[in-house]
Structures are given as C-alpha cells and as structure tokens.
Amino acid sequence: MAVLDRLVADNAASAPLAGKSVLVCTHATTATSKLIMAVTALGATVTYVPVSYSGEGVVGDIGNNSGVVVVEATPDAVHLNLPSTDIILEDGMRISRIVYDNPEKYRWKEHLYTIEQTTSGIHGFERSIKSGLLYPVVNLAEAEMKREMENSAATPESILSLLVSRESLTLSRKRVLVMGYGSVGRGVSRLCASHGSVVTVAEEDPVRRAVAASHGYMTVDVLGIDTSLAHQDVVVSCTPNGNGHSLELEQIMLMKNGALVVNAGTGTGEVTRDALAPGSYEKNRATITITENGDGCVTCGFEKMGMRKTVRIVCSATPLNLGCGAGTTDDVMDVVFAIALATMIGVDGQQLSNSIHNVGTDIEKQVATALLPPKYGLAPNHIAEGDLVREERPWGRLFRFVPAEGTPALTRFSTVRASFDPGATTEGHYHAVSEEAYLVESGSADILVWDPKDPKGERKTYHVVAGSHLSIPRGMAHRVFAGPAEEFVCVIVASPPFSFWDQFFPKLPV
C-alpha cells in the first residue's frame with residue numbers, strides 16, 4: 001500500500017488526526033487493515049464495524065491492532081459509539097442508515113461528517129436530502145481517481161477475469177449485452193470488444209446511448225431489451241441496483257441455453273428476487289427450477305414442451321466484487337483509501353454544511369503526487385535494482401524479474417528469462433488476456449503455434465535461434481521444443497502481466 005505509506009510518512013510528525021475518533025465500516029480486507037493502521041499512526045482512535053461478506057480472519061487481525069475496537073453494525077453499537085465519533089468512513093450508508101431509521105434515538109458531535117465510498121451509499125443520501133441530511137457527506141464514490149481506476153478499470157477487469165478464468169468462456173465472437181453505460185459499463189464494453197465480442201449496450205439515458213453508438217456499439221433502450229436477449233451469450237448488468245430495471249424471470253427465460261447473467265452493478269437489484277429464490281414451480285406453462293450453486297451463483301433451469309435450457313446467474317445475490325469475482329485489487333484500494341485518509345487530514349467538519357460535498361481537487365492532487373514516483377521513477381542519484389526470483393519448471397528454470405519500488409510503469413508487463421534444458425518440451429497452452437514476445441538469447445528451438453478454437457486448422461512451426469524474436473498474440477496456443485544440442489535461453493515479455501489464471505491447456509492439434 002505504497003500511497004498510504006507515503007501519506008503516513010509525510011504527516012506522521014504532525015499527527016494531524018490526534019484526538020480524533022474515526023468509525024470505519026467497510027469490508028474486512030488487507031487494504032482495510034492497512035488503512036486502519038494508517039489512521040491510528042496519525043493519532044486517531046478507530047472503531048471498526050465489519051460489513052457483510054467480511055473475512056473473519058482479517059477482522060481478527062484488525063482487532064489486534066493497538067487502539068482499535070471491533071463492534072457489530074447494530075443500533076446499540078451505533079448508539080454507544082456515535083456520540084464520540086468525529087468522522088465516519090462507510091460503505092453503502094451502513095452506519096448512517098441505522099441513524100436515519102431512528103434519528104431521535106442518537107446523538108452526535110456538531111462537527112461530525114461521513115465519507116461515503118460507494119455509489120449506492122450516495123444514492124441513499126440523495127434520497128434523504130428532501131427530509132434534510134443529518135450531517136455532512138463527503139462523496140468519495142465520485143472522486144475522479146477512484147471512479148476512473150475502480151469503475152473503468154478494476155471492476156471490468158474483474159469481470160473479464162471471472163468470465164475467462166472461472167467460467168472458462170472464450171469471448172471472441174460472443175454476443176455480450178451490457179446494461180448501463182456509466183463508467184463500469186464503458187469499461188466492460190471496451191474490454192469485451194477488445195477480445196472480439198459483439199457488444200450491444202442497453203441504456204435508458206438517450207445521451208449515454210448516443211455516446212455508446214458513437215463508440216461503435218449497437219444500442220437499445222433498456223426498456224426494449226426483450227428482443228435482444230434471445231441472441232445474447234452474456235448479459236452484464238452495470239447499473240446501480242438495476243436503476244428500476246431489474247431483469248425479470250420471464251426475460252431470463254428468453255435467453256439462449258447456456259447463457260450467463262453477471263451482476264456487476266452496485267447493489268442487489270439487478271436481478272429480480274423471483275429469479276434467485278431456490279425451488280421448482282410452474283410459470284407461463286413452463287417448469288422452472290432454480291438451484292443455488294454454493295459459489296455465489298444460481299442456475300435457472302427451464303423446461304417447456306419437451307425443450308430444456310439453463311441460464312447461469314453469476315454473482316446473483318451480491319455485486320461482482322463482493323461475490324465470486326476477483327474483487328477490487330489492493331493497488332486500487334490503496335488509492336481509494338489514500339483519498340479517504342487525505343480527506344480526514346484536510347477536511348474540518350465544522351466548515352461543512354449539511355449537504356453532499358465532492359472530494360476537493362487539492363486532496364486528489366495530494367494523493368496523485370503520492371502515487372506518482374519522482375521524475376523518471378527514481379530518486380536523484382539512485383538506481384533502483386529489481387529482484388530476480390528463480391522458479392523451477394519441468395522443462396528447466398526461469399528467473400522472474402520483480403520491479404523495484406518506485407517504478408510502477410514496469411508493472412504493466414512481466415519479464416522472465418527462461419532456460420530450457422536441451423531437448424525439453426513445454427505443454428501446449430494459450431493466454432486469453434496476455435500477448436507474449438520471445439527474444440532469443442542463445443540456443444535454438446522450434447515453437448509450434450496454432451488456433452486452439454480450430455485444432456484441425458493451420459499450424460505453423462517457427463525455428464528460432466540467437467537473435468530471433470517471435471510475437472504470440474493472445475488466444476494463440478503455442479508449444480516450445482528446445483533444440484537437443486544445448487540449453488535454449490530466451491527472454492519472454494508478457495503484456496498485460498502473466499497470470500497463472502490466464503493459462504489454458506487445449507488439445508494438441510491433429
């Protein structure tokens with residue numbers, strides 16, 4: 001958590017949060033633990049309220065931090081802790097909703113304010129504006145850095161990882177319907193299209209629909225998606241709680257056999273509850289069987305007039321990042337929590353009115369400065385040396401280059417130096433996400449390349465020697481046959497960085 005660490009290092013001497021009491025209500029992750037350590041390091045005391053889906057082990061680790069008290073999200077706990085709280089950091093309005101349900105019961109400091117980190121939480125506060133906000137709200141959800149890094153990149157990449165790795169889906173030539181063209185929907189559309197999917201965007205707002213069309217996507221009003229659903233292989237909901245347009249069971253019944261529905265929105269309203277309740281019943285002269293899979297997913301089985309089909313709802317009861325997706329990565333949460341910490345340092349609750357406030361540009365610039373390395377990524381007169389990590393393989397060994405701290409550009413690709421024993425052979429495999437370049441240092445090898453989707457199609461063998469280079473596009477299977485006379489040594493560069501989750505082993509070509 002480099003950005004949090006830099007903020008702490010820059011502010012520790014002045015202890016700007018000394019005497020403050022902070023109530024933190026977020027998911028129990030390693031990033032949350034780091035945030036709480038940073039807040040306490042700057043002088044504050046912390047009461048931590050873990051939300052649903054939180055890991056017990058991480059909660060225990062947080063509770064072991066000095067000066068941290070862990071309590072449950074109950075009215076009694078809020079009643080006990082709120083009067084002494086100066087700042088709330090919450091996820092989904094979970095603390096404030098308890099207060100708003102019965103405000104006469106609670107007391108709070110005059111300068112109390114809350115930092116809300118989710119879009120669904122901000123929507124909750126917006127609905128409360130008519131009756132009057134009880135205390136100021138800082139809108140972390142719409143901070144530009146958070147929105148762009150989390151919504152436009154991290155969540156779409158998590159969806160892609162889920163579909164390609166866990167669901168074993170090849171997106172090339174698949175029809176994908178993206179519901180909603182906000183920042184998440186734009187990111188999902190872009191990534192799916194880059195992998196060869198035929199993307200249709202369903203959007204109620206005509207302006208956003210026009211923008212999607214200008215980006216080259218087919219578009220449809222979300223109110224008229226029924227005719228489109230029957231042709232889709234994947235439907236990804238990227239809307240906040242469905243925006244009043246939840247997928248109904250009758251609509252899911254229209255989808256083709258084996259189709260997937262992915263809940264990537266900001267709540268639990270993307271799919272109607274009827275489609276999630278386990279059981280078997282009759283509807284529209286069809287027998288419907290809904291089964292929980294125990295992995296955060298639901299399978300809907302339909303039988304009508306002797307015909308059968310199934311549709312799988314992925315991350316059915318919770319949004320993707322809280323269900324079975326990869327979640328928001330630590331590097332993104334490092335930035336999100338750094339913005340929250342900088343807000344705690346720089347915002348005085350006594351100067352805020354009872355309204356929803358955007359994060360100040362000065363705060364985001366402070367975090368951006370902490371995120372960006374010094375010029376050229378290195379401190380003056382200092383050369384940063386990365387590490388080489390040796391890993392043994394059945395065919396030989398490799399040395400994986402681990403970039404040094406302060407060189408973030410080098411994390412956008414991975415670099416290994418691979419040494420193949422004479423005559424060694426790798427398993428045939430391909431990468432759905434990464435592209436690779438082989439730069440031969442010494443020895444020789446034959447590299448077989450083929451399309452795994454067409455195992456009887458054309459296959460090519462490339463003979464490479466010292467000084468040769470060969471590029472392997474994503475999706476193309478390849479197998480290395482090292483020469484028999486000497487060790488074959490090459491440097492392999494992969495972009496995006498290599499991941500074991502992105503390694504697939506197809507049948508060998510005929």
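The values are calculated or read from the model by the stated rules, or taken from the named source; none is laboratory data. Predicted model, so just to flag it, every value in this text is computed and none were measured. A quick note on method: Cβ atoms are made from the backbone with ideal geometry, for glycine too, and the neighbour counts reach across all protein chains shown.
General remarks:
- Among the residues of the stretch 401-430, those that are at pLDDT 90 or above and either of a type in the set (Ser, Thr, Tyr) or part of a strand (DSSP E or B) (or both) comprise Thr415, Val416, Arg417, Ala418, Ser419, Phe420, Thr425, Thr426, His429, Tyr430.
- One residue stands out in the stretch 78-115 among those that are more than 21 Å from Thr45 (Cβ to Cβ) and surrounded by 15 or more Cβ atoms within 10 Å (Cβ to Cβ): the one that is farthest from the chain's Cα centre (by Cα), namely Tyr100.
- Qualifying residue in the stretch 178-187 (condition: within 30 Å of Met307 (Cβ to Cβ) and of a type outside the set (Val, Ile, Thr)): yes
- Tally of residues being exposed (fewer than 11 other Cβ atoms within 10 Å of the Cβ) and of a type in the set (Gly, Ala, Ser) across the stretch 457-470: 1
- Test result for Leu398, outside any strand (DSSP E or B), in contact with a strand residue (DSSP E or B) (Cβ under 9 Å, 6 or more places away or on another chain) and not assigned by TED's automatic domain parsing to the domain that holds Leu162: no
- Candidate set from the stretch 346-369 (those that are of a type in the set (Ser, Thr, Tyr) and either assigned to a loop (DSSP other than H, G, I, E, B) or crowded, with 23+ Cβ neighbours inside 10 Å (or both)); member that is nearest to the chain's Cα centre (by Cα): Ser355
- Of all residues in the stretch 280-311, those that are at pLDDT below 85 and either not assigned by TED's automatic domain parsing to the domain that holds Gln251 or not in a loop (DSSP other than H, G, I, E, B) (or both) total 7.
- Residue match in the stretch 26-41 (condition: in a helix (DSSP H, G or I), under 26 Å from Leu134 (Cβ atoms) and at pLDDT below 90): yes
- Of all the criteria given as (1) β-branched (Val, Ile, Thr); (2) within 13 Å of Phe504 (Cα to Cα); (3) modelled with pLDDT of 95 or more, the one not satisfied by Val433 is (3).
- Residue list for the stretch 421-461, filter: more than 29 Å from Pro156 (Cβ to Cβ) and among the basic types (Lys, Arg): Lys456, Arg459, Lys460
- Matching residues in the stretch 13-22 - criterion: being out of contact with any Asp or Glu (no Cβ under 8 Å at 6 or more places or on another chain) and more than 12 Å from Leu341 (Cβ to Cβ): Ala13, Ser14, Ala15, Ala18, Gly19
- Yes/no for Thr343 being buried (at least 20 other Cβ atoms within 10 Å of the Cβ), among the hydroxyl-bearing types (Ser, Thr, Tyr), modelled with pLDDT of 80 or more and not assigned by TED's automatic domain parsing to the domain that holds Asn263: yes
- Here the condition is being buried (at least 21 other Cβ atoms within 10 Å of the Cβ) and among the small types (Gly, Ala, Ser); of Ala193, Ala143, Ala153, it holds for Ala143 alone.
- Considering the stretch 417-444, the residues that are over 26 Å from the mean Cα position of the chain (by Cα) and among the aliphatic types (A, V, I, L, M) include one that is surrounded by the most Cβ atoms within 10 Å (Cβ to Cβ), namely Ala418.
- Any hit, the stretch 113-133, residues being at pLDDT below 95, in contact with a Phe, Trp or Tyr (Cβ under 6 Å, 6 or more places away or on another chain) and of a type in the set (A, V, I, L, M): no
- Residues of the stretch 450-491 that are touching a residue at least 12 places away in the same chain (Cβ under 8 Å) and of a type in the set (D, E, K, R): Asp451, Lys453, Lys456, Arg459, Lys460, Arg474, Arg479, Glu486, Glu487.
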